[in-house]
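Below is a structure I'd like to ask you about.
Nothing in this text is a laboratory measurement; each read-out follows from the coordinates by a stated rule. What you see is a predicted model, and the numbers here were worked out from it, not measured in a lab. Cβ atoms come from the backbone with ideal geometry, glycine included; neighbour counts cover every protein chain shown.
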Amino acid sequence: MNKPRRQTLQDNSLRSAWNVKHSIAILLFLVTFPALANDAGRRHSENDLLARPAIVVTVGINAGDIIGNDNRSLQAAVDYVGNLGGGVVEIGPGEFLMRDSLHLRSRVTVRGAGQKTVLKKDREQRSLLAVDGDFGEAAITVQNPEGFNIGRGVYVASKTMRNFLGTCGTILNSRSNYFTLSLSLNADILMSDGGFAATIYPVISGYNLEDARVENLTADGNRAENPTKLDGCRTAGIFFYHGDNCVISNCFVRDYNGDGISFQQSNDVKVEGCVVERCAGFGLHPGSGSQRPSVKHSRAIENGEDGFFFCWRVRGGVAERNWLENNGGYGMSIGHKDSDNFVRKNTIIGNKLGGVYWRGETEPMAAHRTTFEDNVVRDNEGWGLFVNGATRDTIIRSNVIEDSGSGRQKTGIRIGKQAGEVTMEGNTIKAANQLQDERWKK
């Protein structure tokens, strides 16, 4: 039997080596004392000090508790702090090469030095499968194993088995072109359906966690060296799945070949003061089944699809004081079971498919009771607002909806023929056609 192949590092690998003293101490702690933090994070702890550990670990390229310039250094710090029940990982300035996601832990804050701290995704390697991948199988066999090194992140999917049926995990072991994975496959990934594996993963990822924070750093998707575009169901620049009460604050996400920020089935997530630019997919994506999201004071600029995308079954959310400009899709769209959301004080400018779109859903699945107020919607393609589908109880109030003279936003508000009651009051509309109401047309 061949020995597992060791991960091949690039020319600068020596700079990625950990400080030996700290690494040994951390590994011994993780192995020897796994249950030390039993009281930390308890919802009903004995006192506040037990509930909130004050552990702080620093990571830097040239100085810090842990020395290194890749994802392993960062992951060692996050796992150490997470094992103690929570605390802060401070990442110093510099560029950190991400050969896998930084996997977050509950009650751990990851804090950078703003735009000076850059987590940059490594180049993509891709291969077709050499053997079908079966549902539940935690392994793949690829035609070309080059670049599929142990410890690297990997995404497995096919032409039709994508979205939530794709799998994003980490390579754990290998023999020739056969690789074991940290997660089992979510579907049958067949060669006949173009089954493939690629070293694609979020720059920062959190699964099944709560009370995690990401602050003051840059996630760079390195789009130039990552040619495969993916949706936001399993990947994004920053991605949560079942991540409750988590916060993304003052982060920059750029050039990811997919969504910028996406969180799926994650409740009470807060996105504050972030900038998402030049990503291939959606900019800001409160994902399927995510309840009560709050996205405020953030910017989505020049992304390939919608600037802000309310996915399916997003309810009780707030989008406030965001800037959505020059995106390749709509400035914002809302639709499938997205009810009781508030959109206020946003600026939505120059988006290529239109300003704000209520998607064309039937009555049981439409975006009911949306309140859209105090927004500026300017110079988008075609129309400012399009209330489509069998939506009910929509409120459009005190907005400025205007074409500044570009001639792009020809219609201010368009209401589709299936729409229910739409309350419009106090809006300022400047357009060749202020209102196009199709409900009364025969």
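Using alpha carbons only, how many degrees (0 to 90, rounded to 10) separate the axis of helix 20-32 from the longest principal axis of the chain?
80
Which one of Ser266, Ser176, Ser249 has the biggest mean-square fluctuation once the chain is modelled by GNM with Cα springs under 10 Å?
Of Ser266, Ser176, Ser249, the Gaussian network model singles out Ser176 as fluctuating most.
Determine ³J(HN,Hα), in whole Hz, for all residues of the stretch 46-59 in sequence, where each value follows from phi through the Karplus function 6.51 cos²θ - 1.76 cosθ + 1.60 and θ = phi - 60°; x replaces Gly and Pro.
Each residue of the stretch 46-59 in turn: 4, 7, 5, 5, 5, 6, 10, x, 10, 6, 10, 10, 9, 10 Hz.
How do Asp134, Asp403 line up, fewest other C-beta atoms within 10 Å first? Could the numbers behind the result be given before it?
Working: Asp134 13, Asp403 21.
Ranked by crowding around the Cβ, least crowded first: Asp134, Asp403.
Further question on the same structure: Nearest 0.05, what FRET efficiency do Ala113 and Trp440 give at R0 = 60 Å with Cβ-Cβ as r?
Approximately 0.55, to the nearest 0.05.
So, one more: Please provide three numbers in whole Å: the alpha-carbon extents of the stretch 126-198 along the principal axes, with the largest listed first.
Taking max minus min along each principal axis of the Cα atoms, the stretch 126-198 gives 27, 20, 16 Å.
Which FRET efficiency, nearest 0.05, do Ala130 and Val56 yield, Cβ-Cβ r, R0 45 Å?
Values: r = 47 Å, r/R0 = 1.03.
Working from the Cβ atoms, E equals 0.45.
Per DSSP H run of at least 4 residues, take -39500 (n - 2.57); add these up for the chain, divide by its residues and hand me the 222 nm value, nearest 500 deg cm²/dmol.
Numbers: 4 runs with 34 residues, N = 442.
When only DSSP H runs of four or more count, the value is -2000 deg cm²/dmol.
From a point 7 Å beyond the Cα of Asn163 in the direction of its Cβ, which residues of the stretch 256-276 have a backbone N at a distance under 18 Å?
Only 258-259, 262-266 pass the distance filter.
With all distinct Cα pairs included, what does the Kirkwood hydrodynamic radius of the stretch 279-341 come out to in Å, to one decimal, could you say? Could the numbers behind the result be given before it?
On the way: mean 1/r = 0.0883 Å⁻¹.
The Cα-based Kirkwood calculation yields 11.3 Å.
How large is log10 I(q)/I(0) at q = 0.19 Å⁻¹ when the Debye formula is applied to the Cα atoms of the stretch 235-334, each weighted equally and without solvent?
Ignoring solvent entirely, the Cα scatterers give -0.75.
What residue among Tyr201, Tyr80, Tyr256 shows peak mean-square fluctuation when the chain is described by a Gaussian network model with Cα springs under 10 Å?
Answer for the Gaussian network model of the chain: Tyr80.
Still on this structure, I have one more. Percent of Cα-Cα pairs more than 17 Å apart in the stretch 310-353, please.
Counting every Cα pair in the stretch 310-353, those more than 17 Å apart make up 36 percent.
If you don't mind, there's one more thing I want to ask. Run the simple label-point estimate for Ser406 and Ile150 please: 7 Å along Cα→C-beta, distance reported in nm.
The answer from the label model is 5.4 nm.
Computed over the Cα atoms of the chain, what is the convex hull's projected area averaged over all directions, in nm²?
Over all viewing directions, the chain projects a mean Cα-hull area of 23.8 nm².
Right, something else. Starting from the Cα-Cα distance between Ser45 and Phe342, subtract it from 0.36 nm times their residue separation and give me the gain in nm to one decimal. Provide the component values of the computation, followed by the final result.
On the way: separation 297, 0.36 × 297 = 106.92 nm, distance 3.50 nm.
Full-extension gain reported as 103.4 nm.
Using Cβ counts within 10 Å as a stand-in for footprinting exposure, how do Ile67, Ile261 rank, fewest first?
Numbers: Ile67 21, Ile261 32.
Listed from fewest to most nearby Cβ atoms, that is Ile67, Ile261.
So how far apart, in nm, are the two label points at Thr423 and Glu272 if each is 7 Å from Cα heading toward Cβ?
Label-label distance for Thr423 and Glu272, simple model: 3.0 nm.
What do you get for the angle between helix 71-83 and the principal long axis of the chain? Use alpha-carbon atoms, 0 to 90 degrees, nearest ten.
Computed tilt is about 90 degrees.
If I model a spin label at Gln291 and Arg123 as a point 7 Å from the Cα along the Cα→Cβ vector, what separation in nanometres do I get?
Computed distance between label sites Gln291 and Arg123 equals 4.6 nm.
Sequence-distant or interchain residues sharing an amide H contact under 5 Å with Asp188, placed H: which?
The answer is Phe135.
Based on other C-beta atoms within 10 Å, arrange Trp323, Trp383 from fewest to most. Don't skip to the answer; put the middle values down first.
Details: Trp323 17, Trp383 24.
Arranged by neighbour count, lowest to highest, Trp323, Trp383 become Trp323, Trp383.
While we're looking at this one, here's another question. Where nothing but the Cβ of Lys and Arg (+1) and of Asp and Glu (-1) is charged, how large is the charge dipole of the chain around its Cα centre, in debye to the nearest 20? Don't jump to the answer; show the numbers that get you there.
Details: 52 positive and 50 negative charges, 49 e Å.
It comes to approximately 240 debye.
Could I ask something else about it? Using the beta-carbon distance between Asn433 and Trp312 and R0 = 35 Å, what value does 1/(1 + (r/R0)^6) give for FRET efficiency, to the nearest 0.05?
Details: r = 31 Å, r/R0 = 0.90.
E between Asn433 and Trp312, to the nearest 0.05, is 0.65.
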